[in-house]
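Asks: First the structure, which I've put down as structure tokens, then a few questions once you've had a look.
The values are calculated or read from the model by the stated rules, or taken from the named source; none is laboratory data. Keep in mind that what you see is a predicted model, and the values were worked out from it rather than measured. Cβ placement follows ideal geometry from the backbone for every residue including glycine, while neighbour counts extend to all protein chains displayed. Ligands, DNA and RNA are stripped out before the accessible areas are found, and what is left, the full protein with its side chains, is counted by its heavy atoms. Shrake-Rupley method; radii C 1.70, N 1.55, O 1.52, S 1.80 Å.
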Amino acid sequence: MEDSLFAPGHRACAGCGMPTAIKLVLDAAGPNTIVASPTGCLEVTSTPFPESSWRVPWIHSLFENAAAVASGVEVALKRFKRTDTNVLVIGGDGSTFDIGFGAISGMFDRGHRITYVCYDNEAYMNTGVQRSASTPFCAKTTTTPTGKMSLGNPRPKKDMAAIAVAHGVPYVATASIAYPVDLRRKVKMSLSADGPAYIQVNAPCITGWSFGEGDAIEQSRLAVETCLLPLIEYVDGVLVGVKKVRRKRPVEDYLKTQGRYKHLFKAEGGAEVLAKIQAMADANAAKFGLLD
Amino acid sequence: MTRCQVRMVVEPGSTEITKTGAWRTFVPIFDHDKCIKCSLCEIYCPESCIHQIEGNFVPDLDYCKGCSLCAHECPRGAITMILEEK
């Protein structure tokens with residue numbers, strides 16, 4: 001059988017959701033692909049010098065400029081008339097939502113034919129679970145600790161997909177590692193788009209979210225089934241695809257299995273927060289028509 | 001003048017020299033009779049180390065970190081994790 005384009009032997013934690021996401025994305029993109037990655041778990045675990053897990057050309061420069069590096073690659077390929085080569089950026093949520101945001105905005109604006117894939121593990125996991133703009137409401141991180149004065153992250157998650165849509169990006173989608181067929185299809189769709197594309201893949205982090213061993217896929221599935229993670233697809237700014245949720249589950253099913261939400265079930269005021277998170281899920285379901 | 005040369009380009013897929021199987025505590029045991037060949041274990045495996053060999057799915061224990069993701073996702077419960085004695 002054919003070897004995966006993402007080789008084994010990488011140093012990601014046992015049970016991490018991210019390598020599955022990368023494997024599926026590369027699977028869909030195929031070998032004729034150039035990948036640029038910003039700093040993050042992926043860069044650190046896949047390229048411990050002098051080794052590399054990548055079986056496609058891969059480049060890393062800085063935390064903030066992967067989108068700019070990929071823009072250069074794309075322009076060079078265009079100059080040499082090698083337009084059949086796919087250009088991908090695969091980065092984490094820290095570099096996508098916070099640090100590399102300016103370069104991404106520039107990439108979208110200039111209209112490069114690049115697919116930007118964000119594997120979203122909802123905090124800076126590589127450096128020890130610091131809050132990012134992607135961290136959901138009231139999740140515990142090391143920079144938003146819980147206690148008498150705090151119930152975790154005070155801000156809701158930034159809606160990066162909506163920001164990409166607002167840039168006029170031709171293809172924007174959210175995906176989950178629990179739905180591999182959907183994810184692969186979305187990557188293929190994005191590569192045929194005439195211009196930039198943005199795909200955000202939910203990839204649970206076993207150490208940062210602190211859930212049980214072997215539960216990464218189940219966590220991502222629960223996020224979809226509770227409507228906290230709507231799987232949506234925009235083509236030219238129009239919502240064309242929504243993954244319907246057959247049986248909507250209460251958000252507690254998702255939150256109670258994770259250590260980062262443990263305080264909500266004990267601390268004073270936790271019940272109100274749970275009601276707020278449930279309201280967010282209900283709002284998602286209503287906004288995107290997730291339920292039949 | 002001496003120039004310091006650092007090889008910044010490394011071989012593709014070269015992490016294969018690192019056998020992450022040494023991380024493992026629990027080892028997946030596959031029951032090939034229960035298996036319905038849905039290939040979900042192969043698709044989900046974060047190490048890309050489950051391969052279909054002569055029809056059966058087999059983990060490459062050189063790289064399997066024993067994360068038990070395959071055992072949790074198997075729809076038939078054909079994979080069980082047992083404590084590995086080394």
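Asks: Look at region A:89-113 and say how many of its residues are among the polar types (S, T, N, Q) and open to solvent by 10 Å² or more (accessible area, probe 1.4 Å). Full working, then the answer.
Replies: Going residue by residue through region A:89-113, those that are among the polar types (S, T, N, Q) are A:95-96, A:105.
Still in the list and also open to solvent by 10 Å² or more (accessible area, probe 1.4 Å): A:105.
Here the count works out to 1.
Asks: Sticking with this structure for a sec: Step by step: first the residues of region A:114-131, then only those that are open to solvent by less than 10 Å² (accessible area, probe 1.4 Å) and among the hydrophobic types (A, V, I, L, M, F, W, C), then the one that is farthest from residue A:11 (Cα to Cα). Which residue is that?
Replies: For region A:114-131, the residue satisfying everything is A:114.
Asks: Here is a further query. Just give me the residues in region A:184-229 being within 10 Å of chain B (Cβ to nearest Cβ) and either open to solvent by 30 Å² or more (accessible area, probe 1.4 Å) or in a helix (DSSP H, G or I) (or both), in sequence order.
Replies: Selection gives A:184, A:206, A:212, A:213, A:215, A:216, A:217, A:218, A:221.
Asks: Residue A:278 is checked against (1) more than 22 Å from residue A:166 (Cβ to Cβ); (2) assigned to a loop (DSSP other than H, G, I, E, B) and fails just one. What number does that condition carry?
Replies: Here residue A:278 clears every test but (2).
Asks: I'm trying to understand the selection: among the residues of region A:79-115, which are without any contact (Cβ under 8 Å) to a residue 12 or more places away in the chain and part of a helix (DSSP H, G or I)? Reasoning before the result, please.
Replies: Of all residues in region A:79-115, those without any contact (Cβ under 8 Å) to a residue 12 or more places away in the chain come to A:79-82, A:101.
Across region A:79-115, the qualifying residues are A:79, A:101.
Asks: In this structure, does residue A:181 turn out to be over 23 Å from residue A:70 (Cβ atoms) and open to solvent by 20 Å² or more (accessible area, probe 1.4 Å)?
Replies: On the way: over 23 Å from residue A:70 (Cβ atoms): yes; open to solvent by 20 Å² or more (accessible area, probe 1.4 Å): yes.
The answer is yes for residue A:181.
Asks: Give me a count of the residues in region A:268-284 that are among the hydrophobic types (A, V, I, L, M, F, W, C) and open to solvent by less than 40 Å² (accessible area, probe 1.4 Å).
Replies: Step one: filter region A:268-284 for residues among the hydrophobic types (A, V, I, L, M, F, W, C), giving A:271, A:273-275, A:277, A:279-281, A:283.
Checking the rest, the ones that are also open to solvent by less than 40 Å² (accessible area, probe 1.4 Å) come to A:273-274, A:277, A:281.
Count: 4.
Asks: Next question. Condition check: under 23 Å from residue A:177 (Cβ atoms), hydrophobic (A, V, I, L, M, F, W, C), within 13 Å of chain B (Cβ to nearest Cβ) and open to solvent by less than 20 Å² (accessible area, probe 1.4 Å). Does residue A:54 satisfy that? It would help to see each step written out before you state the result.
Replies: Details: under 23 Å from residue A:177 (Cβ atoms): yes; hydrophobic (A, V, I, L, M, F, W, C): yes; within 13 Å of chain B (Cβ to nearest Cβ): yes; open to solvent by less than 20 Å² (accessible area, probe 1.4 Å): yes.
Criteria met by residue A:54.
Asks: Taking the residues in region B:36-61 that are among the acidic types (Asp, Glu) and at the interface with chain A (Cβ under 8 Å from one of its Cβ atoms) as candidates, determine which candidate is most open to solvent (accessible area, probe 1.4 Å). Don't jump to the end; show me each part of the working.
Replies: As a first pass, look at region B:36-61 and keep what is among the acidic types (Asp, Glu): B:42, B:47, B:54, B:60.
Filter once more, keeping what is at the interface with chain A (Cβ under 8 Å from one of its Cβ atoms): B:47, B:60.
Working: B:47: 4, B:60: 48 Å².
Across region B:36-61, the extreme among qualifying residues is B:60.
Residue-by-condition table, conditions (1) away from chain B (no Cβ under 13 Å); (2) under 21 Å from residue B:42 (Cβ atoms); (3) open to solvent by 10 Å² or more (accessible area, probe 1.4 Å):
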| residue | (1), (2), (3) |
| --- | --- |
| A:3 | no, yes, yes |
| A:7 | no, yes, no |
| A:12 | no, yes, no |
| A:19 | no, yes, no |
| A:24 | no, yes, no |
| A:84 | yes, no, yes |
| A:87 | yes, no, no |
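Asks: Which members of region A:235-267 meet the condition of being closer than 20 Å to residue A:224 by Cβ and open to solvent by less than 40 Å² (accessible area, probe 1.4 Å)?
Replies: Initial filter on region A:235-267 (closer than 20 Å to residue A:224 by Cβ): A:239-258, A:260-261.
Those that are closer than 20 Å to residue A:224 by Cβ and open to solvent by less than 40 Å² (accessible area, probe 1.4 Å): A:241, A:245, A:251, A:253, A:254, A:255, A:258, A:260, A:261.
Asks: Could you list, in sequence order, all residues of region A:157-177 that are in a loop (DSSP other than H, G, I, E, B), farther than 15 Å from residue A:106 by Cα and open to solvent by less than 10 Å² (accessible area, probe 1.4 Å)?
Replies: A:177
Asks: For the structure I just gave you, tell me whether residue B:39 is closer than 23 Å to residue A:56 by Cα and without any contact (Cβ under 8 Å) to a residue 40 or more places away in the chain. Quick ask: steps written out before the conclusion?
Replies: Numbers: closer than 23 Å to residue A:56 by Cα: no; without any contact (Cβ under 8 Å) to a residue 40 or more places away in the chain: yes.
Considered against the rule, which asks whether it is closer than 23 Å to residue A:56 by Cα and without any contact (Cβ under 8 Å) to a residue 40 or more places away in the chain, residue B:39 comes out as no.
Asks: For residues that are touching a Ser or Thr at 6+ places or on another chain (Cβ under 8 Å) and under 15 Å from residue A:204 (Cα atoms), scanning just region A:132-156, find the one that is surrounded by the most Cβ atoms within 10 Å (Cβ to Cβ).
Replies: Here the answer is A:135.
Asks: Taking region B:62-78, which residues are open to solvent by 70 Å² or more (accessible area, probe 1.4 Å) and away from every other protein chain (no Cβ under 11 Å)? First the steps, then the outcome.
Replies: Start the filter on region B:62-78 by keeping residues that are open to solvent by 70 Å² or more (accessible area, probe 1.4 Å), which leaves B:62, B:72, B:75-76.
Passing the criteria: B:75, B:76.
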